[in-house]
Each structure stands twice: as structure tokens, then as C-alpha cells.
Amino acid sequence: MKYMGSKRVMLKSGLGEALDSSITGAARVLDLFTGSAAVAWHVGQKYDVPVIASDLQLYSTVLAASVITRTRPLEDDRWIDDWFERARGRLSGKRRFIYAENLQTQLKELPVQFAAQTARSLCEKAFGWPITLRYGGYYFSPLQALWIDALRISLPLDPEYRNVALASLIQAASRATASPGHTAQPFKANETAGRFLIEAWRRDLITTVKTSAADIALKFSRKLGEAVCGDALEVAERARPGDIAFLDPPYSGVHYSRFYHVLETIARGEASAAEGTGRYPPPEERPNSDFSVGRRSAAAFDRLLNILAQRGASAIITFPAGTASNGLSGERVKEIAEQHYKIESEKISSRFSTLGGNLKTRIARHDTHELILKLSLP
């Protein structure tokens, strides 16, 4: 997935080592900012420890649930074909779908501005099809958007299969979306970015979803876990002695809901009016976090560690070593942690996104140092 600060690389080095040395004898692991669910999946698959994964955004908990709430692989993949047949039944014969298929075959030849205008006209009155209505002709071609909607409507009823299917749809949408880095803004239909827009619109979404579904279906957790959509401070109240909390809090001063609203809309399966160049949902529909507000981030982090320490849980924290845009820095995080825990720390190198660079003032990915803090109770 296109994901800010993903821990997949770190799990192969310092973070993986920190987990290995800390998790023996743990009662549970609380992944309180699960994000792309990379850590939740890793712990669930590797260790005999239940994982509770939480996040403010629903799509994150869907990703986590697709693996940590199953203790067996789903080896018979006939359900994937059945799912697609149901979705195709929703689309077959629809005039908008026929027009979308025709447009899809012409994307390479049509002038980009004409293609975009045609695509948006085709999607602008697709009421009842939330992805098509809000994002068709922007982040996705009309055909891609219609397929996402149809697959979302046709999800399996069985919770195990449903979680895998929805997670695969979210992953595929992240990979196919016509946006630089994250879904803060779609590529513009101009001479500069137009070729990237068309390139994304021509991606094979169907194959991507099927491949992702088959891959996730074979993953499973050693112990039955739980995925919770909620605030980290509230979920932390469930901690108890013997638990380890993994904390990878936001480091952006912009709420993450701005960058992942497309994925959140897919997870929810509904959408209202779109606003601005990014086609954002209205502010009241966007999850907000004190951890992304400069004047409140330090206090929120202090409250979180206090709750965990009071409830007898140890913790592992990852955070950029330098100053982040939410006002926190690695040093400040360490100072706060020292008020509640004993600390062992180290720095490692990794690669983290800068929210989609613009090739002028910032690059899309860059080397940085990430601080890992292992916290134990005094």
C-alpha cells in the first residue's frame, strides 16, 4: 500500500529485533495506531500472542481484522470468483457501465483533458454508487470506480471472507489510485500530470483485487485477535499487566484523514458531498486526532503513556528522530516517556514518505532516522 511511515521495512531490522526481545511472555500486544496493519499482521502471524489493533480510521481496522481475527487460512479461493460474479451481476446491462467500458478502451488515444471531462460527466450523477460519484473521473477511471462500488456492494456475508474481501479492495484501491503518494489530491488532467492520470486509470484493478484477496486469505494469526475502530486513549484503558503496547503515533500536523479519505470511504461504503481539489468529505466526517494537533500532541502522548503505565503495560514506541510537523520530536517523545517508564533506545535508518513529493520543494521519499524506544515499568 501507499502508506506514510509504513513499518514493513523496519520490521526487518530494528523494530523486528525490539519485538523479538520484548514479546516473550507477553499477555497481549496492543497496536494502538495500526495504520497499514503491518505490525499487527507481523505479530499475529509470528507470535503466540493475541493482538488488539486499533485506529481512528475504519479502513485500518479492516486491514488488521482481515488477518488477526482468523486462526486458519482460507485455502479454497472459489469464493473470490463467486464475489466477482455477484459484482458483475450488479454491473451487467447498466448503461453507465457500458459507456465506462468503451471509454476505458480509448484512454490511451484520447486527449487527457477530453478523457477527464468525459469521465467526470459520466460519474457526476452516479447516485447510489458512492465511489463512482465522489471519485470517478478523479482518483479512478469510471470503470475502476464502478467495479469498486460493485465489489463493495457484493461483499461476502461471512465475516472472515468479508474482512479479507474488503481489505483486498482497500489495498487494490491504494495501489491503483491516480494520486502522487497518498490520496490527498488526484493527478490533474494537464500536460504535466495527465500522463500519470491516464496511466493510473488504465491499471488492471480486477487482477489487483483478486491477487490481493488470494494473498491475504492465506495469512492468519496464531492467536485470535481483535480490531477496534476507536481513539488510542480509549483503547489504552483496556490494557492490563503483561501487555505490550506498540505505539507509532501520527507525526504529521495534518490529520491523516486528509490523506486516506478514499480508503476510508471504501471501508464505510458510503459518501456524501465532495469538497475541494482532493474531493474530501465534509470536515465533520473526517476523523480528528489530538496527536496531529501541534498544541495538543504532547499532552495527548503524555496522557496515553500515563494510562498504559498506570495499567501495568510495557511499550515500544517508534517516532522520527527529528522534529515532526505535529510539533513533537524524537527527543520530546523520549522526555515524555521518561516520566512514566525506564527507557532503552536506538536509532535506525529507514525510508518514509513525505506525503507525495512535488519534485520541487520535497521528494516523495527520503532517508530519515527513526527512534525506537523500548519502555519498561520502573
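The values are calculated or read from the model by the stated rules, or taken from the named source; none is laboratory data. Just so we're clear, the structure is a prediction, and the values are computed from it rather than from any experiment. Using ideal geometry, Cβ is built from the backbone for each residue, glycine included, and neighbour counts are taken over all protein chains shown. All accessible areas refer to the heavy atoms of the entire protein, side chains included, with ligands and DNA or RNA removed. Shrake-Rupley method; radii C 1.70, N 1.55, O 1.52, S 1.80 Å.
Evaluation of Pro180 against the conditions (1) modelled with pLDDT under 95; (2) closer than 21 Å to Ser60 by Cβ; (3) not acidic (Asp, Glu) shows that the sole unmet condition is (2).
Residues that are assigned to a helix (DSSP H, G or I) and among the small types (Gly, Ala, Ser): does segment 127-139 have at least one? Within segment 127-139, none of the residues are assigned to a helix (DSSP H, G or I) and among the small types (Gly, Ala, Ser). Annotation: of all residues in segment 123-142 being open to solvent by 30 Å² or more (accessible area, probe 1.4 Å) and in contact with a strand residue (DSSP E or B) (Cβ under 9 Å, 6 or more places away or on another chain), the one that is nearest to Lys219 (Cα to Cα) is Trp129.
So, Pro320, is that one in contact with a Gly (Cβ under 7 Å, 6 or more places away or on another chain), within 29 Å of Tyr47 (Cβ to Cβ) and open to solvent by 30 Å² or more (accessible area, probe 1.4 Å) or not? The answer is no for Pro320. Taking segment 40-56, which residues are of a type in the set (S, T, N, Q) and open to solvent by 10 Å² or more (accessible area, probe 1.4 Å)? Correct list: Gln45 only. Filter segment 173-211 down to the residues that are of a type in the set (Lys, Arg) and free of Cβ contacts under 8 Å to residues at least 40 places away in the same chain and list them by number. Result: Lys188, single match. Can you name the residue in segment 323-337 that is among the small types (Gly, Ala, Ser) and closer than 19 Å to Arg295 by Cβ and, of all such residues, is most open to solvent (accessible area, probe 1.4 Å)? Going through the qualifying residues, I end up with Ser325.
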